[in-house]
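Please treat every number below as a calculation from the coordinates, not as lab data. Just so it is clear, the model here is predicted, and its values are computed rather than measured. Cβ: placed from backbone, ideal geometry, glycine included. Neighbour counts: every protein chain shown.
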Amino acid sequence: MGYIVAKFGGWANASAENVKLAADLFEKNHDRKIKVNSAIGKVEGLPKVTDLLTEGAEVTLKTGVFPEDILEKIKLNHYAVFKPLGVPEDVIDGVLKLLEDRLPMKDSLSPDHFRALIIGSGEELFSRLDTYYLKEIRKLKARYVDPREIGHYLGGNPLDGHILPESYNNLSRLKDMDGIIVYPGFFAISNRGEPMIYSRGGTDKTAADIAAAIDATLYENWKDVDGIYCADPRIVKNPELMAEVTYKEIRELSYISFNVLHQEAMLPVMNAGIPVNIKNLLKPDSRGTLIVHDREHIENRPVIGIAGLKGICVINIEKRMMNEEIGFAEKVMALFRENRISIEQIATSIDTIAILAKESDFKEKSIHFGISESVRKEIDFEEFIDYLKHQLNADKVKISRNRSLMCVVGQGMRKSVGTLGRIATSLSNAGINIEIVDQGPSERNVILCFKDEEDYSKSKKAVEVLYEEFFQN
Ligand code: ASP
């Protein structure tokens with residue numbers, strides 16, 4: 001017997017039909033062992049439950065009262081999903097009362113732990129009602145397991161927790177429990193018993209951590225898309241679906257905007273070698289995309305995916321004899337770190353270092369330090385340049401804005417000659433002037449930087465021509 005961990009996100013949990021489809025999956029295949037749930041996503045006309053809870057927690061911290069209208073919307077969300085499934089209103093009300101019962105805990109918890117408690121409640125409310133539906137209405141053997149009881153410990157920031165090693169052993173007990181385990185994603189506790197959550201979208205991480213803990217045969221992630229496309233379907237009409245892709249290829253693509261799974265969710269499954277299947281809940285019999293450790297090389301297919309990232313700026317720092325100055329690059333990086341600007345890419349020549357960063361990183365930014373949060377003010381580009389010039393004693397510092405990055409990924413590139421040439425020719429034929437090229441040491445990706453137009457038409461064009469070159473020729 002295999003053990004499948006199946007994760008259902010906000011969309012999958014936002015309608016009675018979807019919740020029913022998910023139950024069908026467990027009825028059909030008994031290898032599906034653990035159902036990891038997000039909170040209810042967007043139900044028509046209503047915000048996501050997690051967003052409502054986030055707002056409600058903030059107001060409660062300020063005024064001491066959880067707003068009635070938010071409570072009402074949360075109720076409507078749950079009614080909309082569970083009433084059509086036959087879950088009685090008093091059962092729904094009973095479960096929702098859990099939230100109200102928690103509000104007095106504001107006085108005994110730190111603000112961030114209180115936020116974690118409230119924000120993470122959506123997963124519990126949904127999962128408890130889902131368990132009721134599976135057991136009482138579908139007559140399946142199912143049980144709710146609470147992360148606090150099983151010892152799912154997170155450390156670090158209460159709003160961006162990371163699993164503690166002892167949790168894996170505790171979570172491995174899920175394997176020996178009978179029936180379908182309904183497990184709420186996103187929230188857990190610290191080893192001192194305080195409420196904790198993973199960062200937003202963290203149910204992917206809960207499911208990945210459980211998959212690693214029980215050594216699952218498969219991690220299924222049920223979505224509203226057919227799988228992972230080789231290029232953005234908003235740019236390329238009917239792009240191909242990836243049948244199989246490796247963890248490392250996905251990592252390269254997610255580095256530059258491919259949001260398939262929460263970035264950190266890949267790590268535990270990758271380390272344990274557990275395949276991840278991205279599937280469409282509305283087409284359960286289609287194969288979806290399988291993310292695996294290794295895949296067969298497909299002849300004449302060096303590339304598996306093309307992704308782009310807009311709104312990049314390039315900061316060029318010139319200093320004579322830079323390469324003689326030990327620790328110069330470190331000094332540059334420290335200045336970026338101190339200003340909380342994350343470096344996307346670095347390119348160097350003998351006396352120049354170019355740092356690629358997101359323009360949005362210069363805007364006002366909230367930063368977490370441990371459990372407190374501070375806000376870094378907007379950074380003016382020109383002032384930052386003067387600052388760098390002065391701090392580094394550089395000859396020249398220049399910033400070029402409105403750049404875009406294009407990332408071409410495929411493990412087949414290692415085996416085929418001339419891929420870089422094909423990329424360069426396609427872009428040059430499209431009138432795109434490449435300013436920086438970086439072929440990663442893994443030879444699995446090529447990143448290109450070029451000047452874009454205000455309407456980003458160049459990056460759109462780049463995706464189109466590269467898709468044509470590598471997938472339609
Ligand atoms: N409900 C949480 C969020 O919206 C966690 C998740 O959905 O994964 O971020």
Taking 0.36 nm per residue of sequence separation and subtracting the Cα-Cα distance, how much length would be gained by fully extending the chain between L61 and F471, in nm to one decimal? 142.3 nm
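Efficiency by 1/(1 + (r/R0)^6): what FRET value for M177 and S199, r their Cβ-Cβ distance, R0 = 22 Å, to the nearest 0.05? Spell out each step's value before the answer.
Details: r = 28 Å, r/R0 = 1.26.
The computed FRET efficiency comes out at 0.20.
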Could you let me know the centre-to-centre spacing of the range 260-295 and the range 425-463, using Cα atoms, in angstrom? 28
Residues S457 and A243, FRET efficiency given R0 of 35 Å [Cβ-Cβ distance, rounded to 0.05]: 0.65
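Assuming 0.36 nm per residue, please report the length gained on full extension of the stretch H390 to K20 beyond their Cα-Cα distance. Provide the component values of the computation, followed by the final result.
Values: separation 370, 0.36 × 370 = 133.20 nm, distance 6.27 nm.
126.9 nm is the gain from fully extending H390 to K20.
Give, in nm to one decimal, the length gained when the segment between K75 and R234 is fully stretched (0.36 nm per residue of separation minus the Cα-Cα distance). Before the final figure, lay out the partial values.
Numbers: separation 159, 0.36 × 159 = 57.24 nm, distance 3.48 nm.
Taking K75 through R234 to full extension adds about 53.8 nm, to one decimal.
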In order over the range 426-434: 3J(HN,Hα) from phi, Karplus 6.51/-1.76/1.60, θ = phi - 60°, whole Hz, x for each Gly or Pro, gives 4, 5, 5, 4, 8, x, 9, 9, 6
In terms of modelled amide H atoms, which long-range or inter-chain residues lie less than 5 Å from the amide H of K7? V36, E220, N221, W222
Which percentage, to the nearest 5, of the DSSP beta bridges contained in the chain is antiparallel? 65
Return the distance in nm (one decimal) between the two label points of a simple spin-label model at D101 and E359, each offset 7 Å from Cα along Cα→Cβ. 5.2
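If r is the Cβ-Cβ distance from D93 to Q439 and R0 is 56 Å, what FRET efficiency results, to the nearest 0.05? It would help to have the intermediate numbers written out before the result.
Details: r = 59 Å, r/R0 = 1.06.
Result of the calculation: an efficiency of 0.40.
Considering Cα pairs under 8 angstrom that are at least six residues apart, work out the relative contact order of the chain and quote it in whole percent. Before the final figure, lay out the partial values.
Details: 939 pairs, mean separation 59.6, N = 473.
Relative contact order for the chain comes out at 13 percent.
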Residue by residue through the range 164-176, what is 3J(HN,Hα) from phi via Karplus (6.51 cos²θ - 1.76 cosθ + 1.60, θ = phi - 60°)? Round to whole Hz and write x for glycine and proline. 8, x, 5, 5, 4, 5, 4, 5, 5, 5, 4, 4, 8
